[in-house]
1. Run through segment B:46-152 and list the GluC sites (Glu not before Pro) located in a DSSP loop whose Cβ has at most 11 other Cβ atoms within 10 Å.
2. Summing +1 for each Lys or Arg and -1 for each Asp or Glu, what net charge is found among the other residues whose Cβ lies under 9 Å from the Cβ of B:Gly273?
3. Per residue of segment B:41-54, in order, report the coupling 6.51 cos²θ - 1.76 cosθ + 1.60 (Karplus, θ = phi - 60°) as ³J(HN,Hα) in whole Hz, putting x for Gly and Pro.
4. Assign one of three labels to chain A, namely rounded, prolate or oblate, based on the Cα gyration tensor with a ≥ b ≥ c the square roots of its eigenvalues; rounded applies when a/c is under 1.5, prolate when it is not and a/b is larger than b/c, and oblate otherwise.
5. Along the three principal axes, how long is the protein assembly as shown when you take its alpha carbons, biggest first, rounded to the nearest angstrom?
6. Which value in deg cm²/dmol, rounded to the nearest 500, describes the helix-derived mean residue ellipticity at 222 nm for chain B, given -39,500 (n - 2.57) per DSSP H run of n ≥ 4 and division by the residue count?
7. Across the residues of A:274-283, average count of Cβ atoms on other protein chains within 10 Å?
8. What do you get for the angle between helix A:160-188 and the principal long axis of chain A? Use alpha-carbon atoms, 0 to 90 degrees, nearest ten.
Amino acid sequence: MHPLFKSNLKFVLGCTIMALMCGMAVFAAISPDLSISTTCNLAQANISPLTDQRHPLGTDGLGRDLAAMLASGAQGSLSVGIFAAVGATIFGNLWGAIAAITGGYAEKIAMRIVDALLSIPSIVLLLFASSFIATPEATRTLPAALTAWLGVTPYSDGLLPYCIVITTIASTTWLESARISRARVLGIMQDEYYQAAIAMGAGNLQILSRHLLPALRGMWVIEATLLTADALIMESGLSFLGLGLGATTPSWGSMLQVAQTSLLYGNIWAAILPGLAIALTALAVYMLGRSYLSLIEQ
Amino acid sequence: MQVSIGERLWQAIPTLLIVSCLTFFLLRALPGDPIDIMLGNAQKDLAPQALDQVKKDLGLDRSAPEQYFLWLASWIQPQSDNAGLGFSYKDGRPVKQVILERLPLTVGLVALSLIGAFTLGILLGLLPPLLTAMRLGLLAESIQGALTFLYASPNFWLAFLYIWYCANTGLATPLPLIGDLADWQMAPLVVPALLLGIRRAAKIALFIGSQMKDEMLKPYYVQAMAKGLSPAQILTRHVLKNCMLPIIQIAGLSLPALIGGSVLIETIFALPGMGRLLIESVFGRNYPVVISLTVLYTSMVIVSNLAADIVNTAADPRLRA
């Protein structure tokens, strides 16, 4: 048995929840008639859970089946969370590591940029970038090749909202990893194996790919897990303001936005379920990160 | 120490310049024209000359870099009237006045939530190590789990549940009116502030928990135990002090997150604060208000980082030398 599983409740629990959420997302991707259940149907709005056989978890204020919405929301929320976190971790670590090994003025300027960006509250940048999705005419100004590749048509935004939200969230979250990785690399540069690699005439690229990045690997995983949860919560906040993935792409955050009006009709489940999905996923990601941390600490 | 504060304030100037420049040009790169949004369909009925006049009044007839330098110059030139930061496109009032109206609410909200997060975080963070020391490990674990769950839940979702709870139990939600805020009456802001700070509190608590776990392995802890001190005494008198430095750092760094959260909390509770103003102004392409708000937010963050450093220096004798 893998040592991770041995008496590690956190890991098992985290894996179970993540498997459940990913399963929902995959189900939403392959299931053909899910779009019927997620179409607005005001005649069946605000059904409570466990009262209607066709809607086991009830419906929201627009009459969309909550179970189906949760599944298709999983697709949007999870992909944003994971891709934004992975992108931010990779970019941030490379930035910090390259700054550290370059040194001199380049390093100073690179880190000053990070400091400046860190003092802008990320909500400002998030609001700016997300405004692109909220204004559909902006998509027409993009190059045709790009819109064709992303599947943008007059009827659908295709992958464009994903790209924008992922880039936006990643571009405000990579800063902390850049700082940490620079500090770590500066530490590693004192180590003997690093000095030996320099003495043997290794180039910057070789040092980066052979010696530094593998040494930072443990940190990457932790950062990526923490950032995944953060990105998930950020996306839900943006969607809640009406700026996230947009109206055509469901996510747990936009479900919460709709739930605001359902609440007026006493439909609390439309608010509880997506929020619970966000919280549980973030929790699972944290637990996975922590159990990985305790594994590498042993 | 004196030198480093002065140096830090000096360094803040290029940061603010970069931030304002970035904001200014990003904002103008956004799709949508402030005049379109302002006039809507009425634009068609307007004579071209009148339209040009509107553009000229707003300073939009100049090129973007020119506008930016004019905006910068308005900082340096002493202004006799309120025109220092320009005028809001929406209602033509001075930006300074528009922002000052909204300032007390957001400052109160963020300050209350920072204080709340700090106190709650320390209190809740002490609980699991204390319970562990009292050999109630299971209870400590479950509190730790609850804290992680709180940290993982979006705070606007918790605000939802709170509103629903209030509506169902007939509990009046005491929400502030603009009149109250002019007098800096903060009592109605307590619940929104707590909801805003709860994730931070959980983060601080979790952090203290893991810090203390490490500290409790050190010889001084064992020695204090052997001396017969109660776990509560050891934790508050000895261990907590050793964990304080990184916590002060976290508290100082939490301002950007709290400001971001305040936008959501203000939206949910319909509070007329700077966060709402920011969203309205970004949607309305109200350039002068957005750029002033961004610079204000950034200066708040810079000042809070500096304050955290000063407190840290005061708390850590090693840094004073």
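1. Here no GluC sites (Glu not before Pro) fit, given the DSSP loop and packing criteria.
2. Around B:Gly273, the charge tally is +1.
3. 6, 5, 4, 5, 7, 8, 5, x, 5, 5, 4, 4, 5, 4
4. Because a/c hits 1.5 or more and a/b exceeds b/c, chain A counts as prolate.
5. That gives 87, 70, 60 Å along the principal axes, largest extent first.
6. Computed mean residue ellipticity for chain B: -25000 deg cm²/dmol.
7. Other-chain Cβ atoms within 10 Å of each residue's Cβ, averaged: 4.
8. Its long axis makes an angle of about 30 degrees.
Read-outs throughout are calculated quantities, based only on the coordinates presented, and are distinct from any laboratory measurement. All values derive from a computational prediction rather than experimental measurement. With ideal geometry, Cβ positions are generated from the backbone for all residues, glycine too; neighbour counts draw on all protein chains shown.
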